[in-house]
Amino acid sequence: MQKASLLGMTLLAAAVCGGAPDGPSGTASDPQFTKDNELIRPRDYRAWIYVTSGLGMAYGSDARESADPPFDNVFVQPAAYRAFLESGRWPDRTIFVLEVRSSKQHGSINKAGHFQGDLMAVEAAVKDETRFAEKWAYFGFGGGNSLKDQAKAFPSSACHSCHNKNGAVDNTFVQFYPTLLPVAESKGTLNPAYRP
């Protein structure tokens with residue numbers, strides 16, 4: 001009896017905390033929103049599929065080099081990743097998490113190069129064709145000691161226009177995902193305006 005009760009409590013805790021296995025739309029791996037349309041930060045994104053890291057990447061005209069450039073780590077839910085492998089497109093309710101970490105050069109036995117350090121920011125991109133007029137929305141949860149559990153979408157103009165203009169596939173920068181760009185090329189799903 002105690003074992004059954006403990007198992008039931010464990011499964012309930014996993015479902016409440018977003019640790020349930022991913023699956024079809026409507027499961028814990030889908031984007032979760034508050035009644036005020038704020039995205040709830042996925043707690044288990046590091047168990048999702050890792051698609052790429054960038055070091056010191058910047059896109060604006062004011063971009064400049066840094067001695068300790070930040071790392072960007074990108075994760076996507078497993079179900080969305082599998083759908084992309086099959087079709088070369090991101091399904092509705094896809095969510096990406098961008099984790100920004102500081103870079104360090106000196107530590108332990110490291111003599112050269114950079115390694116990842118403290119969490120600086122967590123951001124997300126969500127595709128939800130019924131919730132958002134532009135189909136995609138972008139969210140920032142802050143970082144470090146100011147990491148928030150939920151966030152409102154950024155104003156649509158800045159993030160959406162850049163992703164829409166420059167994303168290789170469906171508002172996403174697949175051009176920087178080395179294992180997924182060949183999938184999009186083979187499926188013929190690259191945006192017509194995309195330039196390598």
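A short reminder: the numbers here are calculations on the coordinates, not readings from a lab. Only a predicted model underlies this, so the values are computations on that prediction, with no experimental measurement involved. Heads up, the Cβs are rebuilt from the backbone with ideal geometry, glycines too, and the neighbour counts pull from every protein chain shown.
For segment 26-107, the relative contact order is 29 percent, taking Cα pairs closer than 8 Å that sit 6 or more residues apart in sequence and dividing their mean separation by the residue count.
Taking segment 88-196, how much of its Cα-Cα pair set, in percent, is spaced more than 26 angstrom apart? Taking all Cα-Cα pairs of segment 88-196, the fraction more than 26 Å apart is 32 percent. Between Ala193 and Leu85, the modelled label-to-label distance comes to 3.2 nm, taking each label 7 Å out from Cα in the direction of the beta carbon.
Hey, quick one: spin label on Met57, modelled 7 Å out along Cα-Cβ, who in segment 67-94 has an amide N within reach, i.e. under 12 Å? Hits in segment 67-94 for Met57 at 12 Å: 71-75. Relative protection proxy for 175-184, 106-115, 119-128, from highest mean packing down: 119-128, 175-184, 106-115 (other beta-carbon atoms within 10 angstrom). Length available on full extension from Gln32 to Lys104: 0.36 nm per residue minus the Cα-Cα distance, which gives 22.6 nm. When Rg and the Kirkwood Rh are both derived from Cα coordinates, the Rg/Rh ratio for segment 35-85 amounts to 1.10. Using the alpha-carbon positions of segment 115-169, Rg (one decimal) and Dmax (whole number) come out as 13.1, 40 Å. Our estimate of slack between Cys162 and Phe176, defined as 0.36 nm per intervening residue step minus the Cα-Cα distance, is 3.6 nm. Radius of gyration (Cα atoms) of segment 68-113, expressed as a multiple of 2.2 N^0.38 Å: 1.72.
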